[in-house]
1. Quick one: what are the phi-derived ³J(HN,Hα) couplings along the stretch B:49-55, Karplus 6.51/-1.76/1.60 with θ = phi - 60°, whole Hz, x for glycine and proline?
2. Among A:Asp80, C:Asp210, which comes first, second and so on when ranked by fewest other beta-carbon atoms within 10 Å?
3. Assuming R0 = 25 Å, what is the FRET efficiency of A:Ala225 and A:Ile250, from their Cβ-Cβ distance, to the nearest 0.05?
4. For Cα pairs less than 8 Å apart in space and 6+ apart in sequence, what is the mean separation divided by the residue count of chain C, i.e. the relative contact order in percent?
5. If you project the alpha carbons of the stretch C:153-247 onto the principal axes, what extent comes out on each, in Å, largest first?
6. If you build a Gaussian network model of chain B, linking Cα atoms that sit under 10 Å apart, which residue out of B:Gly160, B:Gly150, B:Gly190 swings the most?
7. Place a +1 charge on the Cβ of each Lys and Arg in chain A and a -1 charge on the Cβ of each Asp and Glu, then give the dipole magnitude about the Cα centre in debye, rounded to the nearest 20.
8. In whole Hz and in residue order, list the ³J(HN,Hα) couplings for the stretch A:219-226 that follow from phi through the Karplus curve 6.51 cos²θ - 1.76 cosθ + 1.60, θ = phi - 60°; x for Gly and Pro.
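Computed from the coordinates by the stated procedures, all read-outs in this text should not be read as laboratory data. Since the structure is predicted, the reported quantities are computational estimates derived from the model, not experimental observations. With ideal geometry, Cβ positions are generated from the backbone for all residues, glycine too; neighbour counts draw on all protein chains shown.
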Amino acid sequence: MIKPFLQNLLLAGLVLGAGAARAASIVVFAAASLTDSLQEIAHAYTRQSGETVALNFGSSSSLARQIQEGAPADVFFSADQAQMDSLEKLGLIATATRRNRLSNSLVIVVADDSKLAIASAKDLTQAAVKRIALADPQTVPAGIYSRKYLEKLGLWPALASKVVPTDNVRAALAAVESGNVEAGMVYKTDAAISKNVKIACAVPPGEGPAILYPMAVVKESKEPAAARKFLDYLSSAEAGRVFEKFGFLIPQ
Amino acid sequence: MTAEEWQIVWFTAWVSALSTLLILPVGLAAAWLLARRDWPGKSLVQTVVMMPLVMPPVATGLILLKLLGRRGPLGRFLHETLDLDVIFTWRGVLIALGVMSFPLLVLSARIAFEQVNPRFEQIARTLGAGEARVFFTITLPLAWRGILGGMTLAFARALGEFGATIMVAGNIPGRTSTLSLSIFQHVQLGQDAQAYRLLGVSVALAFLAVWTSECLLLRPRR
Amino acid sequence: MNGTSIYPIHPIHPIPTVNLLLKNISLPLADFSIEVDVELQSQVTAIFGPSGSGKTSLLDLIAGLRRPASAFIQLDSRVLTNTAEETFVPPRLREMGYVPQDLALFPHLSVRQNLLYGQKSESRASPLFSFGHITGVLEIQPLARRRVTDLSGGERQRVALARALLTSPRLLLLDEPLRSLDEALKAKIIPYLHRVRDEFKLPMLYVTHDRQEVLALCDEVLELKRGRITKRTRANARDWPIMNNEP
């Protein structure tokens, strides 16, 4: 009775193992702001190519840290140049594969039911705005961009004490949605997918810092061919349409 | 150690001490009721009291976040009636620490009360003492060692709290940044030197707290 | 604590007796049930029986430390427990002095603090029950500052006795007061018990399994066996002889 059972088990294992060998599986570390768009793109990719893509989202800074420590990423898709640069300097990136894919713009958001009148960043200095959620302005790209913008306007000294730093840009969005902060600064693409916030004012792309999302294959990748193939798919027009649907800008 | 780092140590120490003091009355009352009285629903209460000890701290933190956020049942009342915010403030830290260390205090105090010979309490009653007097002059003094041990454990637990705190108060420099949160942050940023310094202070504080407790409990009985 | 007693004020009777009704007492224990129905009137009544016959539980019932399944307990003219009407006077209002088997001297308090624990305001106590008088009768004045753990067996006994007396009780309950003492010490303490009986003229319930103590101190003896009173007689050698099969 046991023998046929074990035989079947062995057979199943072989089939699965063989199956796994046929289609590659890659791990993509991507900025939190890419969550929804990349999920849709990866889903389409798997349907077409049969290759699985595991997505790991977080702040680009913490992802870069993890890759530095040896995390098994095949592709890195960052929200700013600085994180990619730091990895490239350490020789962890296949430089030839690096390319800038997307741009984005910043917005100031408030909760759906907020009664505050915020028409410009200057309005954040009013007393009614007690707390502003930003992705950590020292390390996370979204927070760094926001801070640079506010510094440029000379508002940073007044606003710094109101800042509630969060782990990544989506956490800042969640903080605004929950009503526990009066306002936040996130990407336009984040505001678009949220149902519980409204854009109080947008930073025109020309006025804000230049936002560029670079992507590259990680040098230590165990599946460099598959990684390159996915990167090419990300660069395709098909993927571009999805990105634009979610509000990303394609740099020329 | 920089001034900011000392500020973090000081903040962690005083907010942990305050939370321990604040949970003391409720904790002792709960411990006494669980030790000395039987009542319907006792097992349920005992279980609920222990929950923060066995649940993942972030889960407890999430519950607190939903309760105390501006849209939550308690938070709304606090915000609208008292203009008081809990989330992202030191009060959030205080509540998170209190909730997480509460079970330890109740557990230790309950055991301490149960170890007081009930005969002493009975004789005190025959000598004319009412329940309050029995508690303060007989039960509590005879249980003080175990209670102090419980307070020390609660304090040490508060010092090291992370999961619930980060949910409820975030890690706002100068406002809600505790030792544990700072160590995590420094490691995230690859700032090992700072992380090790704060690690050293953490270990020293925890060691001091538990060693004091051990000494109190191991000292020869009268 | 208010100063008015729950009992009517009356002068000490020249021949002190107790009027203690223990009617329809029923208290289930582990192996048997205490079933007692008796009216006591002597000054010192012994409750005599082997270990485990329910003697301590009976004292606890009278003192209000245990709740019976059913009972009617009345001391003098005051009803203390009446399960039929759900009346229950808490122990602190029963004005009974209890000297338990293990003495239960509070270890964290000094001798003096133990003694004064139950004392009502000094001004309201009669001179008979004053601190000076009681500590004099039991000869424990020099022990006042000591810790209870530093006392000898005999000293602890006297302190426990004094502590109960200092509450100006109307009834004294003694649970095997000489149990853990050797013969020499017993011989030393019994005169103190005599003094307490004669000086303070308090009615006493004296629980013991020692015949000699009964004969030395008590007026009447109730034999308690497995929760029931099997015999009741005057406590002297003639009315209460040793039976052949008794130890």
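1. 4, 7, 3, x, 6, 9, 7
2. C:Asp210, A:Asp80
3. 0.45
4. Across chain C, relative contact order equals 26 percent.
5. Reported extents, whole Å, longest axis first: 40, 30, 25.
6. Taking springs between Cα atoms under 10 Å, the residue moving most is B:Gly190.
7. 120 debye
8. 4, 7, 4, 8, 10, x, 5, 5
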